[in-house]
């Protein structure tokens, strides 16, 4: 399945559809993105900085190796796997980087993609 086919599977209000549309159409849009840093103890709330917790439970997980621009291939593969195996996943998957792009060659970048299972 290509990126167009994948994006048609999710609600048009979904953040990935908004990002895809912005990239394809070169539009400036507004959307919320959560960025996180693992911490060992609570951080006080300050303005838009707050504590949250990632999903705890069963999830469909895949590791993408390579450029971030190709990350949608891993999202598509996981969504196809879920459909083929009747796994009911949430549309709000997320990803996190396993190594540092500042000191890792692009073809060696590792990104974990997670879809919580409903």
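Points worth noting:
- The condition (being modelled with pLDDT of 85 or more and loosely packed, with under 14 Cβ neighbours inside 10 Å) is satisfied by just one residue among 68, 81, 75: 68.
- In the condition set (1) surrounded by 13 or more Cβ atoms within 10 Å (Cβ to Cβ); (2) without any contact (Cβ under 8 Å) to a residue 60 or more places away in the chain, residue 86 is compliant with all but (1).
- Every residue from the range 36-59 that is part of a loop (DSSP other than H, G, I, E, B), surrounded by 10 or more Cβ atoms within 10 Å (Cβ to Cβ) and touching a strand residue (DSSP E or B) at 6+ places or on another chain (Cβ under 8 Å): 36, 43, 54, 55, 58
The values are calculated or read from the model by the stated rules, or taken from the named source; none is laboratory data. Computed from a prediction, not measured in an experiment: that's the story for all the values here. Cβ sites come from the backbone with ideal geometry, for glycine too, and all protein chains shown count toward neighbours.
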